[in-house]
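The values are calculated or read from the model by the stated rules, or taken from the named source; none is laboratory data. Every value quoted in this text rests on a predicted model; they were computed, and no experiment measured them. FYI the Cβ positions are ideal-geometry reconstructions off the backbone, even for glycines, and counts take in every protein chain you see.
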Amino acid sequence: MSNRINWKATILLILGTIFILFPLYLTVIIAFKTPQEMSGNILALPESWGFDNFIKAIEVTNFFNALGNSVFVTILTVIIVILTHSLVAYAIARNLHKKFYKFLYFYFISAMFIPFPIIMLPLVLQTSSWGMDNLVGLGILNGVMHLAFNVFIYVGYVKTLPIELEEAAIIDGANTFQVFWKIIFPMMKPMHATVAILTALAAWNDFMLPLVILSDSSMYTLPLVQYAFQGQFSTDYNLAFASYLLAMLPMVVLYVFVQKWIIGGVMRGSLK
Amino acid sequence: MKRDHAFLLMVIPAFVLFFIFHTYPALQGVFYSFTNFKGYGNWDFTGFTNYFKVFQDSRALSAYGFTFQFAIVATILVNIISVLIAMGLNAKIKFRKTLRATYFLPFILSVLIVSYIFQFIFTHMVPDFGQALGIDALSRNILGDQDLAWIGIVIVAVWQSVAFNTLLYLAGLSTVDEQLYEAADIDGAKAWSKFWRITFPLIAPFFTINMVVAMKNFLMAFDQIIALTGGGPGRATESISLLIYRGGFEAGQFAYQSANAVIYFIVIVVISVVQLRILERKEVK
């Protein structure tokens, strides 16, 4: 009885995907069209699939520079986050019965409720006077901004890890750092994957923090380049859409290959 | 003893960095909110003057009005749509993996770029379409209309957020025991009562999280707005974040917008706490 396929739900869901896919379809066809073709039926396929718009968009937006910046910031952020947040969460999770660590735990996770604008203005003065208005500074700040949520889910995960292995290792003469790197860190693998995915997505797509922190346009990440580009070339839709498509493509390609882990990661993250 | 030192070594650097780059700027923001600091140069203490001014500032009040209106409507829509999609994706459907992957796609896309794409849809495609079909309601660019622009922002925000909220609901639904539905079937329960009596109470904690997180995120809306309308037409869609950004960086209102940010922070905390209280009370029942 319960193994019958629910066709009503299947059909409704398939129809619903139109809402998701239509804007993406539009992006692809406009990116390939010429300005002359825009006056006709917008939804029609382009007459030829040339790459002129893309070549021009790559030049105008200095695409590969922005791509490099985005990749750099994202990788730096993920490395900082995985190495440090897991360590912090481990120390907190194993000492939650102590007042100081309990305070630290709530101190960190309370940041989830602090809106970015409240720290934005002073933070910009501080980072520019300390020479942190660059990509490395952005990576470090990302590490600070993501601490709240990551400590929250890492601590939840460490609590589920059995303590016996650690005790055995300590008896064998391992110190606390060795216990962490050799036993706990590898055991946290599923959570590392979740945290890495969510952090990478957030860092890659982030707009507000780079907008206020980065002062030099050669350091602009992909979203910032789209923002700057929009101000200058707002009327050339074909060029603009080619550049949107280029900016979205790396994540979409990645998604096609790792969507199973992304979806699984978010579900695991939300189940704690 | 030595172990305690090791644990301290693990947390102290993070604590220091977090304090320097998060707590200290927040405290500074609160400090400057009592001054007339412009972001540069000299300043004096002015007490609560900035705070009184925010409450009399029609631009700030309209930003709060718009942000609340947008956040409430978007939160409700996102949650209704996400529950429906999650239930569909959780059912015994064909192409399950492909459908899940498709519905989750918006989550990985940049809000800014998605907003630019929708801006084209609202300003060019929909009006052209409306004119071709002679439908008056669709022939206008809603983003250019003071009274309707917020609807465009709601549509984009919902389009983007449904993915993540659906995943959270899906996680919730995966914890529900199938046997409960089979028992309900034997009792002859209808779909509607199965939802309200079984599904909804069991995913109530996920409903609470979704409501609070969605509301908080929408109250902080920035990317969608800067890309879709830039706060316009006029100031009809200027959100609080956008106002603080503009006033603070472009108009020399550092101290004044710091006061606004403090009020904004208090508003978000109060709303989140009230939501949690109300929704958690419902959960127990």
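Points to keep in mind about this one:
- Members of the stretch B:158-193 that are within 13 Å of chain A (Cβ to nearest Cβ), part of a helix (DSSP H, G or I) and without any contact (Cβ under 8 Å) to a residue 40 or more places away in the chain: B:Ala171, B:Glu178, B:Gln179, B:Leu180, B:Tyr181, B:Glu182, B:Ala183, B:Ala184, B:Asp185, B:Ile186, B:Ala191
- Boolean, B:Ala132 is more than 12 Å from every other protein chain (Cβ to nearest Cβ), in a helix (DSSP H, G or I) and small (Gly, Ala, Ser): no
- For A:Ala242, the conditions (1) within 11 Å of another protein chain (Cβ to nearest Cβ); (2) modelled with pLDDT of 90 or more; (3) surrounded by 21 or more Cβ atoms within 10 Å (Cβ to Cβ); (4) closer than 21 Å to A:Gly68 by Cβ all hold with the exception of (1).
- Scanning the stretch A:1-13 for residues that are assigned to a helix (DSSP H, G or I) and either at pLDDT 90 or above or facing chain B (nearest Cβ under 7 Å) (or both) yields A:Ala9, A:Thr10, A:Leu12, A:Leu13.
- From the list A:Ile29, A:Ile5, A:Ile20, the lone residue that is free of Cβ contacts under 8 Å to residues at least 40 places away in the same chain and farther than 20 Å from B:Ile113 by Cβ is A:Ile5.
- Annotation: of all residues in the stretch A:72-90 being surrounded by fewer than 23 Cβ atoms within 10 Å (Cβ to Cβ) and within 9 Å of chain B (Cβ to nearest Cβ), the one that is nearest to B:Phe19 (Cα to Cα) is A:Thr84.
- Selection within the stretch B:27-46: residues that are under 27 Å from the mean Cα position of the chain (by Cα) and free of Cβ contacts under 8 Å to residues at least 60 places away in the same chain. The member of this set that is surrounded by the most Cβ atoms within 10 Å (Cβ to Cβ) is B:Gln28.
- For A:Ile263, the criteria (1) at pLDDT below 85; (2) within 11 Å of another protein chain (Cβ to nearest Cβ); (3) under 30 Å from A:Pro35 (Cβ atoms) hold in every case but one, which is (3).
- Subset of the stretch A:241-261 [in contact (Cβ under 8 Å) with a residue 12 or more places away in the chain and under 26 Å from A:Lys56 (Cβ atoms)]: A:Phe241, A:Ala242, A:Ser243, A:Tyr244, A:Leu245, A:Leu246, A:Ala247, A:Met248, A:Pro250, A:Met251
- Any hit, the stretch A:40-53, residues being surrounded by 18 or more Cβ atoms within 10 Å (Cβ to Cβ), away from chain B (no Cβ under 11 Å), assigned to a helix (DSSP H, G or I) and out of contact with any Lys or Arg (no Cβ under 9 Å at 6 or more places or on another chain): no
- Qualifying residues in the stretch A:200-230 (those that are part of a loop (DSSP other than H, G, I, E, B) and touching a residue at least 24 places away in the same chain (Cβ under 8 Å)) - the one nearest to B:Leu228 (Cα to Cα): A:Asp206
- In the stretch B:236-262, the residue that is farthest from the chain's Cα centre (by Cα) out of those that are within 26 Å of B:Gln146 (Cα to Cα) and of a type in the set (Val, Ile, Thr) is B:Ile244.
- Being surrounded by fewer than 15 Cβ atoms within 10 Å (Cβ to Cβ) and among the hydrophobic types (A, V, I, L, M, F, W, C) is a description that applies to A:Ala168.
- Test: residue in the stretch A:209-228 that is surrounded by fewer than 21 Cβ atoms within 10 Å (Cβ to Cβ) and within 15 Å of B:Leu105 (Cα to Cα): no
- Test: residue in the stretch B:29-48 that is closer than 29 Å to A:Leu138 by Cβ, in contact with a Pro (Cβ under 8 Å, 6 or more places away or on another chain) and modelled with pLDDT under 95: yes
- Applying the criterion of being farther than 21 Å from A:His192 by Cα and basic (Lys, Arg) to the residues of the stretch A:91-108, the residue that is surrounded by the fewest Cβ atoms within 10 Å (Cβ to Cβ) is A:Lys99.
- Any pair with Cβ under 9 angstrom, 6 or more apart, that starts in the stretch B:258-278 at a residue that is farther than 25 Å from B:Thr46 by Cβ and more than 9 Å from every other protein chain (Cβ to nearest Cβ) and ends at one that is in a helix (DSSP H, G or I) and polar (S, T, N, Q): B:Gln275/B:Thr208; B:Leu276/B:Thr208
- For the stretch A:223-254, a tally of residues being within 24 Å of A:Leu45 (Cβ to Cβ) and within 16 Å of the chain's Cα centre (by Cα) returns 5.
- Taking the criterion of being buried (at least 17 other Cβ atoms within 10 Å of the Cβ) and touching a helix residue (DSSP H, G or I) at 6+ places or on another chain (Cβ under 6 Å), the residues of the stretch A:1-19 that qualify are A:Ala9, A:Leu13.
- Residue among B:Val126, B:Val114 that alone is within 29 Å of A:Pro35 (Cβ to Cβ), within 8 Å of chain A (Cβ to nearest Cβ) and surrounded by 15 or more Cβ atoms within 10 Å (Cβ to Cβ): B:Val114
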